[in-house]
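Participant: After the structure tokens below, expect a handful of questions from me.
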Amino acid sequence: MKDTLKHQGLRNQLAKLISEMGITDKNVLNALSKIPRHLFLDSSFEDFAYKNQAFPILADQTISHPYTVAFQSQLLEIKRGDKVLEIGTGSGYQTAVLMELGAEVYTIERQNELFKKTKLFLPKLGYWPKYVGFGDGYKGLPNYAPFDKIIVTAGAPFVPKPLLAQIKIGGTLVIPVGEETQIMHMYKRTGMKSFEKHELGEFKFVPLLEKKN
């Protein structure tokens with residue numbers, strides 16, 4: 001699959017649509033305009049890659065709606081050089097968005113099939129995360145903590161305490177919480193044991209799974 005002028009035009013249309021839906025962060029919109037989303041999908045979905053839709057990928061997972069990716073990314077308020085932990089590498093599309101925003105990304109994937117594919121695929125597009133690992137997202141990455149920002153890209157039944165513990169003071173955790181549908185939660189760490197909590201609308205994600213030995 002190639003990236004063509006037609007694809008670029010479709011990306012620009014997608015970014016315009018996402019802007020009209022309420023995303024105002026120009027850097028996020030520019031990332032959507034730049035990243036070839038069709039390359040992250042099975043070729044059978046290529047004609048639909050720049051619609052605001054989720055699509056199946058390996059291991060019964062999905063690539064999220066572009067609006068959802070943009071919404072979470074905007075909440076994080078990424079600054080160049082931010083150290084960001086991503087829980088749920090998936091196809092790598094959200095990873096690429098974070099890197100286009102200037103983040104140093106550490107990412108964990110629970111599905112081994114996806115982990116193996118995406119770890120090889122991202123460098124082919126010029127994206128080199130600081131760390132790509134196979135593991136349990138509920139535990140985070142304590143050996144690399146603390147992080148400026150943490151993003152969870154699957155629905156968690158509760159907020160894992162290790163993730164809260166791995167945010168820097170002044171940092172942010174964005175996580176969808178719930179079973180069938182999720183409420184987007186944003187936690188701002190204000191002190192060693194204090195957080196500001198915000199609830200920001202309903203979304204639908206695949207479940208966040210724990211790693212089973």
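Participant: How many nm is it between the label spots at S19 and S33, if each spot is 7 Å from the Cα in line with the beta carbon?
Facilitator: 0.6
Participant: Taking the dipole about the Cα centre of the chain, with the C-beta of Lys and Arg at +1 and of Asp and Glu at -1, give me whichever of Q74, S19, T190 is farthest to the positive side.
Facilitator: Value: T190.
Participant: So what's the back-of-envelope 222 nm ellipticity for the chain, counting only DSSP H runs of four-plus at -39500 (n - 2.57) apiece and dividing by all residues, rounded to 500?
Facilitator: -8500 deg cm²/dmol
Participant: What ranking do 3-11, 96-104 get when scored by the average of other Cβ atoms within 10 Å per residue, highest first?
Facilitator: Top of the packing list down: 96-104, 3-11.
Participant: While we're on this one: What lysines sit close enough to K2 to cross-link, taking a C-alpha to C-alpha distance under 30 Å and skipping anything fewer than 8 places away on the same chain?
Facilitator: Counting by Cα, and skipping residues close in sequence, K2 has these lysines nearby: K16, K26, K34, K51, K116, K117, K119, K124, K130.
Participant: With +1 on each Lys and Arg Cβ and -1 on each Asp and Glu Cβ, and nothing else charged, work out how big the dipole of the chain is about its Cα centre, in Debye to the nearest 20.
Facilitator: 600
Participant: Could you tell me which residue out of S91, V174, L122 lies farthest along the dipole of the chain toward its positive end? Charges go on the beta carbon: Lys and Arg +1, Asp and Glu -1, centred on the Cα centre.
Facilitator: Going by the Cα projections, it comes out as L122.
Participant: Note the listed values (i) 49, 24, 17; (ii) 26, 19, 16; (iii) 38, 23, 11, then indicate which one is semi-axes √(5λ) of the Cα gyration tensor in Å calculated from this particular structure.
Facilitator: Looking at semi-axes √(5λ) of the Cα gyration tensor in Å for this model, the match is (ii).
Participant: Using the alpha-carbon atoms, what tilt in degrees (0 to 90, nearest 10) does helix 112-124 show relative to the longest principal axis of the chain?
Facilitator: 60
Quick note: the coordinates plus some simple rules give every number you see, no bench work behind them. Being a predicted model, the structure only gives us computed values, none of them experimental. Cβ coordinates were reconstructed from backbone atoms using ideal geometry, including for glycine residues, and neighbour counts include every protein chain displayed.
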